[in-house]
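FYI, it's all coordinate maths here, none of it is from the lab. If you're wondering where the values come from, they're calculated on a predicted model, not measured in any experiment. Virtual Cβ from ideal backbone geometry, glycine too; neighbours counted across all protein chains shown.
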Amino acid sequence: DTGSAAAVPIDPRFDIAYVTPVTIGTPPQTLQLDFDTGSSDLWVFSSHTPTSQIRGQEIYTPDKSTTSKLLDGHTWSITYGDGSASRGNVYTDNFTVGGLAVASQAIQCAQQVSSSFTTEESIDGLLGLGFSTLNTVNPASQLTFFDNAKSKLGSPVFTADLKNKQAGTYDFGFIDKAKYTGEITYVPVNPDPGYWTFTSSGYAVGSGNFSGSPITGIADTGTSLVYLPTAIVTAYYRQVQGATNSRNYGGYVFPCSATLPPFTFGVGETKFTIPASYMSYAPVTDGSSTCFGGLQSSSGIGVNIWGDVALKAAFVVFNGANPPTLGWATK
Ligand SMILES: CC[C@H](C)[C@H](NC(=O)C[C@H](O)[C@H](CC1CCCCC1)NC(=O)CCNC(=O)[C@H](Cc1ccccc1)NC(=O)N1CCC(N)CC1)C(=O)NCc1cnc(C)nc1N
């Protein structure tokens, strides 16, 4: 079997996140989920979520599904890097993504979500595509949709073809040659503690020389920006007129009129260039002439993160074979 579904930016003006339609239950209930390779819980706004915490999101109602089953005594609680959080109980039900079906997928129903989820009306929940070791369900952790679907897939892979300010695609079980150019460069993945961790072969700022220093980080579709070591980030913003590291805005900002250099990163021998237009993330507040950079320092995070700003510049194969690898191709 295979599956293919659109990854749609939640805001047409800048790519803070992408959502993908899924169906849950019988008859099918359609929700838009944020596919997140940086976590491994599949959780949804639900009939168990207090209405005071719901603002326009679609919800999953297990009682309306003839195939839902309560996973008795199981609970979950998750906190994300940006401090957002949610927790709740667990059902199993039929689940499909782009035509690919899993019969008894663990669906984590939110009984509590933090305010940033309530205010993000376009996200009805998350679908974790990290390694199942990260799943937070107690007393028995649950498998991700990808792990459940693997045995049905021609090839144990999924691919991310995220695009700038337009809909891209997540494919499951096959690699679509029409979505990339040249060859796919595969690199090793360290699945511990559960992220898609790989090592980039280096970077260049604009037309500057390529620095071959290895950068270990995670490929994370659920993170909007790229977070790299401070030395790299300062080298980048040294090339941007008027750039400052703003404590007020929590990162590097610059005049929206500034000329930005592109940013190149290496995977094996292949080089990926993030165009300057992706490197200006968004005005710090609506209508401001100060813009927030798409590249920020990872010093406060503890891990380097290749988020959507970088992933948009490539076609990425998440190969769930043993051992797992990451494939990168230009497009
Ligand atoms: C089992 C936990 C799981 C593995 C968890 N994984 C992650 O945090 C990475 C994961 O990819 C999550 C997935 C996000 C979570 C929020 C909702 C959207 C998806 N990524 C992050 O938290 C990275 C930082 N956040 C982001 O990048 C969010 C994503 C977002 C998008 C749309 C709407 C709201 C938020 N972007 C923003 O807040 N933006 C607004 C501000 C703008 N300047 C940039 C874009 C983890 O590491 N948690 C440990 C953890 C706990 N507590 C903290 C403080 N840090 C932690 N790392």
Under the rule of -39500 (n - 2.57) per DSSP H run of 4 or more residues, summed and divided by the residues of the chain, what mean residue ellipticity at 222 nm is obtained, to the nearest 500 deg cm²/dmol?
-1500 deg cm²/dmol
At a Förster radius of 56 Å, what calculated FRET efficiency corresponds to the Cβ-Cβ distance of T66 and N248, to the nearest 0.05?
0.60
Under 24 Å between C-alpha atoms, the lysine pairs in the chain lying 8 or more places apart or on different chains count 25
Under the 7 Å Cα-to-Cβ spin-label approximation, A231 and S151 lie apart by a distance in nanometres of 4.8
Which of the trypsin sites (Lys or Arg not before Pro) found in segment 28-122 are loop residues per DSSP with 15 or fewer other Cβ atoms within 10 Å of their Cβ?
R55
What are the trypsin sites (Lys or Arg not before Pro) within segment 119-185 that DSSP puts in a loop, where the Cβ has at most 16 other Cβ atoms within 10 Å?
K165
Shape descriptor, segment 65-109: equivalent ellipsoid semi-axes (Cα gyration tensor, sqrt 5λ, whole Å, largest first) stand at 23, 16, 6
For D11 and K179, what does the FRET efficiency come to when R0 = 22 Å and r is the distance between their Cβ atoms, rounded to the nearest 0.05?
0.40
Share (percent) of C-alpha pair distances in the chain greater than 37 Å works out to 16
Measuring from label point to label point, each 7 Å out along Cα→Cβ, what is the S213 to S116 span in nm?
2.8
Heads up, segment 239-331 by the C-alpha gyration tensor (a ≥ b ≥ c square roots of eigenvalues; a/c under 1.5 rounded, else a/b over b/c prolate, else oblate) looks prolate
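Apply 1/(1 + (r/R0)^6) to the Cβ-Cβ distance of Q241 and S299, taking R0 = 30 Å, and write down the FRET efficiency to the nearest 0.05.
Numbers: r = 24 Å, r/R0 = 0.79.
For Q241 and S299, the calculated efficiency is 0.80.
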Calculate, in whole percent, how much of the Cα-Cα pair population of segment 186-287 lies beyond 18 Å.
52
Give the Cα extents of segment 14-171 along the principal axes, in whole Å, largest first.
36, 36, 30
What cysteines in the chain have no other cysteine with a beta carbon less than 4.7 Å from their beta carbon?
C109
Can you compute 3J(HN,Hα) from phi for each residue in segment 23-37, using the Karplus curve 6.51 cos²θ - 1.76 cosθ + 1.60 with θ = phi - 60°, rounded to whole Hz and x for Gly and Pro?
10, 10, x, 10, x, x, 9, 9, 10, 9, 10, 8, 6, 10, 6
Once exposed loop chymotrypsin sites (Phe, Trp or Tyr not before Pro) are cut out (DSSP; at most 16 other Cβ, 10 Å), longest piece of the chain:
1-173
Tell me, how many Å apart are the Cα centres for segment 162-181 and for segment 298-331?
14
Just to check I understand the Karplus step: with θ = phi - 60° and J = 6.51 cos²θ - 1.76 cosθ + 1.60, what whole-Hz values come out for segment 193-204, glycine and proline as x?
x, x, 8, 7, 8, 9, 10, 7, 8, x, 8, 9
